[in-house]
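This is the structure I want to talk about, given as structure tokens.
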Amino acid sequence: GYTGTDELFGLSSQGRDVMRLVDGEDVRVFKSKAVKKGDALLVASEERGIPQSLCDAILAFCVAGAVREARGLNSKPHTMLVHVSHQKKDQIRIGGLVERQIVAWRNSEQVTLGYMRNPMRSALAGLGTIVLPNGVTQDAIVLGAIKVLNLLDVTVLNSETKEELGYDGRPDRHIVAIGGNKLSRGLTLEGLTIAYFLRTTTMADSLLQMCRWYGFRHGYGDLIRIWTTQVIADWFVELSLVEQSLRDGIIRLDRAGKRPDEMAVAIRGHADLMLTSKAKSRMQEETTRSWSLQNPQTIMLPIQEPNALRENLRATADLLLAHPPTRDQYGGAIAYDVPAAAIIGYLNRYVTHGGAIAFRSEALAHWIASRNVHGELTRWTIFVASPQRDRQVMLGSRSYGLVTRTPTGVEGIGILIEPRHEGVDLPGGPDPFKGATSFNVQAMRSNRPSTNGLLLIYPLDASPFEVDVSTVIALGMSLSRTGDEGETLYANKGIGDG
């Protein structure tokens, strides 16, 4: 099927192993110490060569190419994206360094037959779980990767080099495409599996346009791997929520029987990025800040603040001691009829990550209190996820199984909420909302009375984060429709609200 932001970074990405973080030292290899106007951004000296993370990405590309060929895709184009700078001189320099590294690997293999086997084995292991065709061994993939290494074609795409991708002439090429603006606009990178992406921007639409890894990836979607920084990775996780809010808005438009020129579709704001340039957003206006029909969640956690983690643990234990769960179901424990004051007090104690916008506890507490005045969100259900695991944590008067989430860097976890958990408080639970492939979370929220709210507590296993606490408390909510329905939204001020 289609591979988009949600499939790589959002709710549908759970269980996928896509992100590879580039640390600050490797990024600094590409940065000059002093930049004057008109100077190139990258230095990447000839003596130093390319950083280890880019070496890893290129070897992973060779392995991905071998897996594709084992799956019968050997006559199809295969591409790797390297996008670090918009400067043409930088792109040419990086292209030369990449070419030199590839030649060095080839020469080493020629001088000492089998020299590249261990690096390729490491690259195959680094890709994670990959399903190979029946009868194809890992050793065969390693040998195939070495063959792909000998076929790599480094192509620098800009107006100075005048190079082209040339898919039509040679559809079986393995191309390492290096570029900037030309690469990020208008060109289709066929068979894209590996991306090394460090290019930053101030606008969400530009970021989505530059990435190039979206589309239909039949037969190799599981091979997509993206090397990028923690900051960019966090941007994409939040963009998945922005896109989801836009889809939800379009669904509401359709259900209201309105045309797009009759009712403005509002778009959620992003914490760090403008949605688009000011020139393109002259009709933009900020609307109300509301969490009606939303599922705010902690996609970033204060991992580097141990005192904050301990305070969140104490606050959660106090909440569950005062309002202990009385029922175990749906993979967790449920406490009913919790007053809004308890939830508001808990949120005011809970410490969120300083850069979070998707879940800001104090802002949510203030908003819930404002809706209480209108008789909304007055009664709450608390759900504490508790999988059947040996690793447990004591919260309040009982123990809970620890939830596993894979970090997307130092402080990010990607999407937290398991979809079925949004319906644990509804009559009949989440099962009536289960479709062929997923749960209809929007319908769950819509079927919840406006008086009710659902707080989701996920006690995370702290070991993947390497922090000295018994658990890392992550939170989510599933919220009903409220009278101020909207979001952290931007809409077209020239169109009415329907």
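FYI, it's all coordinate maths here, none of it is from the lab. Since the structure is predicted, the reported quantities are computational estimates derived from the model, not experimental observations. Methodologically, a virtual Cβ is constructed for each residue, glycine included, from the backbone with ideal geometry; neighbour enumeration extends over all protein chains shown.
Percent of Cα-Cα pairs more than 17 Å apart in segment 415-473, please.
Working: 843 of 1711 pairs.
That tail contains 49 percent of the Cα-Cα pairs.
Also, I was wondering about something else. Convert each backbone phi in segment 394-408 into a coupling constant with the Karplus relation 6.51 cos²θ - 1.76 cosθ + 1.60 (shift: θ = phi - 60°), then list the ³J(HN,Hα) values in order as whole Hz, x for Gly and Pro.
Rounded to whole hertz, the list is 8, 10, x, 9, 8, 9, 9, x, 7, 8, 9, 9, 7, x, 9.
Quick query: amide H of GLY219 versus all other amide H atoms, modeled in the peptide plane; which residues come in under 5 Å with a sequence gap of 5 or more or a different chain?
Hits under the 5 Å cutoff: none.
For segment 66-151, what does the relative contact order come out to in percent, with C-alpha contacts under 8 Å and a separation of six or more? All intermediate terms of the calculation are to be shown ahead of the outcome.
On the way: 33 pairs, mean separation 40.2, N = 86.
It rounds to 47 percent for segment 66-151.
Sort 346-352, 131-137, 295-301 for me by packing, meaning the mean count of neighbouring Cβ atoms within 10 Å per residue, highest on top. Before the final figure, lay out the partial values.
Working: 346-352: 20.1, 131-137: 10.3, 295-301: 25.6.
Per-residue mean Cβ counts within 10 Å order the peptides as 295-301, 346-352, 131-137.
Over 24 Å between C-alpha atoms is what I'm after, so list which of LYS88/LYS147; LYS89/LYS162; LYS89/LYS147 land there. Before the final figure, lay out the partial values.
Numbers: LYS88/LYS147 30 Å; LYS89/LYS162 13 Å; LYS89/LYS147 30 Å.
As for pairs spanning more than 24 Å Cα to Cα, those are LYS88/LYS147; LYS89/LYS147.
How would you classify segment 102-165 from its alpha-carbon gyration tensor, with a ≥ b ≥ c the square roots of the eigenvalues: rounded for a/c under 1.5, else prolate if a/b is greater than b/c, otherwise oblate? If you can, show how the numbers build up before the last one.
On the way: a/c = 2.69, a/b = 1.56, b/c = 1.73.
Verdict is oblate for segment 102-165.
Around ARG405, what is the net charge, scoring Lys/Arg as +1 and Asp/Glu as -1 over all other residues with Cβ under 11 Å from its Cβ? Write down the numbers at each step before the final one.
On the way: positive: none; negative: GLU418, ASP461.
Local net charge: -2.
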